[in-house]
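Below: the structure, in structure tokens.
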Amino acid sequence: MLLHCSLHPCFPGMKVSKLPLAGLCLLNLLVLWQIVTQPAIFAARSSSGQNSTQAKHTASPPNIIVILTDDLGLAELAYMPRLKEYLADQGMTFSNFFVATSLCCPSRASILRGQYPQNTSVHTNAPPHGGFQTFFGLGKEDETVAVWLQQAGYRTGLIGKYMNGYPHTAPMTYIPPGWDEFVAYHENSNNEELLRYYEYSLNVNGTLEKYGTRVKEYSTDVFTRHAQRFIESSLETSQPFFLYFATHAPHLPSTPARRDSRLFPSERAPRSPSFNEADVSDKPAHIRSMQRLGKRAIASLDREFRNRIRSLQAVDRSIAKLVGLLQERHALDNTYIFFSSDNGYHLGEHRLRSGKTLPYEEDLRVPLIVRGPQIPINVTVARLAVNIDLAPTWLELANATAQDLDGRSLVPLLHAKPIASWRNSFGFSFGKYEFEPSGAAAAPSPNYVANLETRISKGQAIPFYIGLRSRAYSFVEYSTGELELYDLRADPYQLQNIASAASRWLIQQLRQRARALASCQADTCRVLEDAPMLPLDPTPTATLTFTPTNTHTPTATDTPTATPTFTPTSTPTHTETPTYTPTLPDTATPTATPTPSVTPTHTHTPTNTETPTATPTDTATSTPMDTETPTATPTDTDTPTPSSTPE
């Protein structure tokens, strides 16, 4: 029996649609448990709490800078010494930060609006259920963090990549609402390849500008100069500023700046236990169909990895330049700097070639590093955080408000405040997931089987899915009806799918929770996220008691119980490469309860061009400006053939 409604009669304000009535009974109990055990918290949420985010600051509003990379994996962090020195060592690292969708446009929509994809209406990179065209056509740009912060008195700037498909269906020089400064990649067709590192077009505040192949036209450097000018001009005013600085690196073709094109000649893609997985008989059909990677495929992945870390060197220099400028202008102490990525990236894990969109840790887990006022130095936080939390966080820091946010502010974690309650799980998805009237998953496309491996590499053959991720396990339901369930404490690399061994009752409960998260809105999302999680070996009566298994008061520095760690697979040859082991990535084989290392060993001393007491120049010291023969791609034997999920 189905209950098809927007408001459940027992709980006004709870928005759930097309869920089996039995599933709603479980959800009702979850909500009731929160109301009974934590009435003050629930009441605060329902009135103004996190649905209408507002800070309680009395000091002058801080500046906020967001550095958003494109397709950044976790292993690459080890090759960014300035990121470590100027941000991680001076702030907070989130070791369990995830995206709600591992794909560019849906993730960027979630970041800008603080919502799950079902509420941004952007599920993919192109119409009818995604892309800029959908975001623009549905008027979703009228309510974004740019609009909200501008209304709160902020000077706002977007520099770099906006959304996939921009500006199609809009005027050619269209500037979205809320941006005082707008410098963005401009596509004159639906060809993603136009988002290049050389030879590209930008919309610069309503004027189209074309860039060529000269050294100084490398896109990351161009964006950095625009960012510096925005900061300079903003500091001349009395307004606080919000800068959204979105690089193309390290996205394919991962073209490095020419000065970096020969670095790291012997580096390899990480060889985690899931790399080129030997036995995938437990995986869904789209993974089982993949052959093990051969020598040529692995060599291609290694070349791509080298170019990825090369392309990130310009981003790393940008971090030093922006921090240097802020310090030079005495603005650093009142500026928050966030560093993250729109999605993760796989390079050979589970036999997959390079790409994203899969429901595995490599694709969903991304870095989040933050420095700023009142943030403890060199601290790692293990709480579950999601990209839908970024907009509520920026709003609270800016003392601004917005309605119908699904995420929650990270400010209590950033400022190391005691926290009475925090999420136990979150939802993730790919594609517009729909159900048949019976409640079963919709049938797959008739083209699902044809040319499977080729289409997987392009992100076209992955069945739509929804999922549920807690600290202990990950559950996935595909549109084909296939399931995945991983015990992340014992199996952090997701080598053994235990869905077939789990009880039917447990699978039913997980499916209902995942479907509820895939259709929730605002307060309802946070109630579902905060509800206690079932153990992997429960008895059916476990859902009737809802006794929390952890009654201690959590702190911001709780240690995660199973976070894999990544290290470079060989010693980098470049003298500026750090040797520290980052908290987030993964090559070491973990035990059942590994504890990540948080003690860096990197002792690199920055050169004068990196020192944040003066703004470094843009000119490479090893290659004079504009003296090379113009080419669109550096003369690098490691340039890979694109095989990633198109953005």
So for the stretch 304-369, considering every pair of alpha-carbon atoms, how many percent are separated by more than 13 Å? 72
The ratio Rg/Rh over the Cα atoms of the stretch 211-369, Rh being the Kirkwood inverse mean 1/r radius, stands at 1.07
When the scattering of the stretch 58-162 is computed by the Debye formula from its Cα atoms alone, each counted once and equally, what is log10 I(q)/I(0) at q = 0.10, 0.14 Å⁻¹? -0.37, -0.71
Quick calc, the stretch 308-387, dipole around Cα centre from Cβ unit charges on Lys, Arg (+) and Asp, Glu (-), nearest 20 debye, gives 200
State the extension gain, in nm to one decimal, for the chain segment bounded by ARG214 and ILE507, taking 0.36 nm per residue of separation less the distance between their alpha-carbons. 99.8 nm
Using alpha carbon coordinates only, what is the Rg to Rh ratio of the stretch 245-320, with Rh defined as the Kirkwood radius? 1.09
Is there a pair in LYS283/LYS356; LYS161/LYS210; LYS84/LYS356; LYS84/LYS321; LYS84/LYS216; LYS295/LYS356 whose C-alpha atoms are over 20 Å apart, and which pairs would that be? LYS84/LYS356; LYS84/LYS216; LYS295/LYS356
Spelling out what I want: for every residue of the stretch 385-396, take phi, set θ = phi - 60°, compute 6.51 cos²θ - 1.76 cosθ + 1.60 (Karplus), and round to whole Hz; glycine and proline get x. 9, 9, 4, 5, 7, 5, 4, x, 5, 5, 5, 5
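Values in this text are rule-based calculations from the coordinates and carry no lab data. Predicted model only: the values in this text are computed from it and were never measured. In this analysis, Cβ positions are derived from the backbone assuming ideal geometry, glycine residues included, and neighbour counts consider all displayed protein chains.
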